[in-house]
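K.L.:
Here's a structure for you.
Bear in mind these aren't lab numbers, they're just calculated from the coordinates by the rules spelled out. Just so we're clear, the structure is a prediction, and the values are computed from it rather than from any experiment. Neighbour counts run over all protein chains shown; Cβ positions are idealised from the backbone, glycine included.
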Amino acid sequence: MMADVFVKEQLVPGCEEFNLQGPYGNLYGIINHCRRAENAGKVLVIAHGFRGSLEGGGRATKLAAQAAELCQVVRFNFSECQLLSKQVRELECVLQFVQSRLAPQKVCLLGRSLGGATSILVAGRRKPETKPQLDGLALWSTPSDLPATFKNVLGPANFQKLSGGQDLWLEDERGKVLIQAAFVQEILQCALPPVLKQWRGKPLLILHGTDDQVVAPAQAQQNFAAAGEPKQLVYIPGGNHSFTTQGEVAAATVLQWLRSWL
């Protein structure tokens with residue numbers, strides 16, 4: 001349930017900050033308002049990846065600013081809940097906020113990496129009577145095989161410990177974080193392609209880098225094969241998982257797709 005919504009104007013012109021009391025903690029976000037009044041009823045909601053943020057290393061921030069020429073853009077930070085099932089509930093909470101705050105005519109989800117998996121679960125299982133309806137889905141570096149992906153991310157030994165019920169501290173360039181055993185145990189039970197099969201009759205964009213060392217590029221093809229039409233798969237040559245050096249190309253691809261979707 002959505003409650004205790006706090007919205008304030010941000011320093012950047014055309015943006016608002018918001019805070020939602022989500023089911024597992026505070027959900028902080030930003031709305032980039034559309035610069036064209038005639039497109040104010042169209043909304044793009046962006047969900048970040050594992051241990052990511054709404055800034056996306058600056059790439060999501062830049063994309064949001066560019067996409068605001070075409071639609072309203074809503075970005076947010078998941079809480080520290082980590083569990084995929086809980087992220088699904090948090091994304092649903094944000095969509096409720098979008099419905100009440102922006103009264104959208106069209107809503108598109110863009111999920112980055114694990115946020116793409118969350119978006120698949122929300123979009124593929126959405127009931128026809130649920131508002132807002134989702135009219136487009138974009139998957140950015142998104143896995144189709146979560147166990148294989150996180151065995152690669154965490155390492156086989158750590159993955160085995162987690163799947164056996166042992167919580168683990170992970171430390172990398174982003175700092176130290178506790179990975180719950182329940183996270184791995186949950187994704188072992190999560191099959192994304194059967195859910196994605198339920199997405200049909202509405203546009204789908206799958207965007208993946210050919211040099212992605214986190215989520216194998218073949219997983220993009222697996223997602224593409226599972227989904228119904230209309231759909232588009234774009235591989236970006238030389239792109240890594242975060243499109244570190246190919247961010248502008250990735251953004252241009254999304255913007256082109258959004259124009260056709262609108």
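K.L.:
If you scan the range 67-87, which residues turn out to be part of a helix (DSSP H, G or I) and surrounded by fewer than 17 Cβ atoms within 10 Å (Cβ to Cβ)?
P.N.:
SER85
Conditions (1) under 25 Å from LEU109 (Cβ atoms); (2) assigned to a loop (DSSP other than H, G, I, E, B); (3) polar (S, T, N, Q), marked per residue:
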{"position": "LEU139", "(1), (2), (3)": "yes, no, no"}
{"position": "GLN160", "(1), (2), (3)": "no, no, yes"}
{"position": "CYS190", "(1), (2), (3)": "yes, yes, no"}
{"position": "PRO193", "(1), (2), (3)": "yes, no, no"}
{"position": "TRP199", "(1), (2), (3)": "yes, yes, no"}
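K.L.:
Of all the residues that make up the range 171-194, how many are surrounded by 14 or more Cβ atoms within 10 Å (Cβ to Cβ) and at positive phi?
P.N.:
0
K.L.:
Answer yes or no as to whether ALA191 is without any contact (Cβ under 8 Å) to a residue 24 or more places away in the chain, closer than 24 Å to LYS86 by Cα and either in contact with a Leu (Cβ under 6 Å, 6 or more places away or on another chain) or among the basic types (Lys, Arg) (or both).
P.N.:
Here the answer is no, as ALA191 does not meet what is asked.
K.L.:
Here is a follow-up. Here is a check on your reading of the model: is VAL249 free of Cβ contacts under 8 Å to residues at least 40 places away in the same chain, in a helix (DSSP H, G or I) and of a type in the set (A, V, I, L, M, F, W, C)?
P.N.:
Here the answer is yes, as VAL249 does meet what is asked.
K.L.:
Yes or no: the range 219-226 includes at least one residue that is touching a Gly at 6+ places or on another chain (Cβ under 8 Å), among the aliphatic types (A, V, I, L, M) and surrounded by 14 or more Cβ atoms within 10 Å (Cβ to Cβ). Don't jump to the end; show me each part of the working.
P.N.:
In the first step, residues of the range 219-226 are kept if they are touching a Gly at 6+ places or on another chain (Cβ under 8 Å); the result is none.
No, every residue in the range 219-226 fails to be touching a Gly at 6+ places or on another chain (Cβ under 8 Å), among the aliphatic types (A, V, I, L, M) and surrounded by 14 or more Cβ atoms within 10 Å (Cβ to Cβ).
K.L.:
I would also like to ask the following. Does GLN198 satisfy the criteria of being free of Cβ contacts under 8 Å to residues at least 40 places away in the same chain, closer than 24 Å to CYS93 by Cα, within 20 Å of the chain's Cα centre (by Cα) and surrounded by 14 or more Cβ atoms within 10 Å (Cβ to Cβ)?
P.N.:
no
K.L.:
If you don't mind, there's one more thing I want to ask. Scan the range 161-180 residue by residue and report those that are among the small types (Gly, Ala, Ser) and under 12 Å from PHE150 (Cα atoms).
P.N.:
Within the range 161-180, SER163 is the sole residue that qualifies.
K.L.:
Residue by residue through the range 151-167, note down the ones that are under 19 Å from LEU114 (Cα atoms), touching a helix residue (DSSP H, G or I) at 6+ places or on another chain (Cβ under 6 Å) and touching a residue at least 12 places away in the same chain (Cβ under 8 Å).
P.N.:
PHE159, LEU162, SER163
K.L.:
Now for a different question. Name the residue, out of GLU171, GLU229, that is outside any helix (DSSP H, G or I) and under 19 Å from LEU134 (Cα atoms).
P.N.:
GLU229
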